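Following: one structure in structure tokens, then a few remarks.
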Amino acid sequence: MKKITSALLCIALLPCTLLASCGKQSEEARFGMGVYSYYSSADDATEEKDGSAAVLHTVAAVFTDKNGRIIDIDLDAAECIGEYNVHGSFTEKDKFATKKELGDSYGMAKYGTDRDDNGKVLEWDEQAEAFENIAKGKTLDEIKALVSGSYGTEEVIKAGCTIAVSDFVKAIEKAFANAQVYTEHADEVELGIVSVQSDCKNASEEADGVNNIETYFAAALKDHDDKVVAMELDSAEAQIKFDMHGKALTDTSAAITTKNELGADYGMAKYGTDTNGDGKILEWFEQADVFKSYCKGKTAEQIAGLIYKDGYALPDIQAAGCTIYISDMAKAAVKAAE
């Protein structure tokens, strides 16, 4: 877990003439999360090998000062691969891990390209951290200037980040666009990502098969006691489709839009069920807003306690309007708060 003190950040990022206002920095600080997603591949199944399609989610959480300079940033990516065979059956997967969670087992250090000719290749998580370190203290325009084509400039490559960074920047742009002002004192941001299979179906004569992968994203803004100052939540569904013979049917050009981005178009208010009996159904993003309000001021352990034994929220949270199944979203929130 990274830990950065506000005092050190102020010294590193602000001119001497502004040091006097360092204690009030949080009054104009902003915090946001951005998700950039797309289908990266789709292949037919064969007798020798299962077919698959992959979706790549790149996620950024940013905490900026009043001048739009990054105080803290966290980056991660989830590459979710849905598989199926020549018999039209989807493959169940026990676990999806993000690239940071994979660490050394991701294999970039072993199989990557030495673009800076220094005789070594850093692992993916180390390269992401290198880019995070370069991004700190910079504005969005300065970060966008770090990209040359899909890769980073010489400054980025010499720092050890030799992977394509354009997806990082696109996620960071979204995070800046979504950022809101928070007045409470805070020290750092951290991400939590959870991906699960849901409502998957084998192909039949009546319908195509689908290996549906739903990913939940959480970003926590935390204080020095590891209590959540603010939480951001979102989710995206990837529908990986195939026919009875394992032929890939996923449209890799299709846009992947998060539930927050869909807003009222997600349709929960229109088609959902009024389970708390208050005569109304909140849209998905509104229900997520209810839950994240209960995360404020809590530790990871306390957030875990907001999940009722059936995977739904505690009764008082349901009464406030968050009646959706929250287990996986809450697990992402717990990861972010840890």
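Nothing in this text is a laboratory measurement; each read-out follows from the coordinates by a stated rule. Since we're looking at a predicted model, the values are computed, not measured. Heads up, the Cβs are rebuilt from the backbone with ideal geometry, glycines too, and the neighbour counts pull from every protein chain shown.
Please list, in chain and number order, the residues 5+ apart from Lys247 or on another chain whose amide H is under 5 Å from its amide H, with Hs placed from the backbone.
Amide H neighbours of Lys247: Ala45.
Note down the magnitude of the dipole of the chain about its Cα centre, charges +1 on Lys and Arg C-beta and -1 on Asp and Glu C-beta and zero elsewhere, to the nearest 20 debye. Present the calculation step by step, with values, prior to reporting the outcome.
On the way: 34 positive and 60 negative charges, 183 e Å.
Dipole of the chain, to the nearest 20 debye: 880 debye.
What relative contact order, as a whole-number percentage, does the chain give when Cα pairs under 8 Å and 6 or more residues apart are counted?
Numbers: 772 pairs, mean separation 64.6, N = 338.
Here the relative contact order equals 19 percent.
For the chain, modelled as a Gaussian network with Cα springs under 10 Å, which listed residue fluctuates most, Val62, Val121, Val169?
Result: Val121 has the largest fluctuation of those listed.
Out of (i) -0.42, -0.62; (ii) -0.20, -0.35; (iii) -0.23, -0.42, which label holds the value of log10 I(q)/I(0) by the Debye sum over Cα atoms at q = 0.06, 0.08 Å⁻¹ that was computed here?
Here the calculated entry is (iii).
What order do you get for 271-277, 246-252 when each peptide is scored by the mean count of other beta carbon atoms within 10 Å, highest first? The partial results should precede the final answer.
Values: 271-277: 11.3, 246-252: 18.1.
My ranking of the peptides, most packed first, is 246-252, 271-277.
May I ask you to evaluate 6.51 cos²θ - 1.76 cosθ + 1.60, the Karplus curve with θ = phi - 60°, for each residue of region 102-108 and list the ³J(HN,Hα) values in order in whole Hz, giving x for glycine and proline?
5, x, 5, 6, 5, x, 5
Let me know the shape class of region 261-338, please: from the alpha-carbon gyration tensor, a ≥ b ≥ c as square roots of the eigenvalues, rounded when a/c is under 1.5, otherwise prolate if a/b is greater than b/c, or oblate.
Numbers: a/c = 2.19, a/b = 1.57, b/c = 1.40.
Cα axes put region 261-338 in the prolate bin.
Please name which of Ser105, Leu146, Tyr216 has its Cα lying farthest along the dipole of region 6-256 towards the positive end, using unit charges on Cβ (Lys, Arg +1; Asp, Glu -1) and the Cα centre as origin.
Leu146
Please name which of Leu262, Gly32, Tyr312 has its Cα lying farthest along the dipole of the chain towards the positive end, using unit charges on Cβ (Lys, Arg +1; Asp, Glu -1) and the Cα centre as origin.
Gly32
What's the magnitude of the charge dipole for region 220-338 around its Cα centre, counting Lys and Arg as +1 and Asp and Glu as -1 at the beta-carbon? Answer in Debye, nearest 20. Walk me through the numbers on the way to the answer.
On the way: 13 positive and 20 negative charges, 35 e Å.
My answer is approximately 160 debye.
Specify which residue in the list Leu249, Val334, Ala164 is farthest towards the positive end of the charge dipole of the chain, using unit charges on the beta carbon of Lys, Arg (+1) and Asp, Glu (-1), about the Cα centre.
Val334
Using Cα springs under 10 Å in a Gaussian network model of the chain, which residue among Glu101, Glu283, Glu301 shows the largest mean-square fluctuation?
Most flexible of the set in this elastic network: Glu301.
If you build a Gaussian network model of the chain, linking Cα atoms that sit under 10 Å apart, which residue out of Lys241, Lys296, Lys270 swings the most?
Of the options given, Lys270 has the highest mean-square fluctuation.
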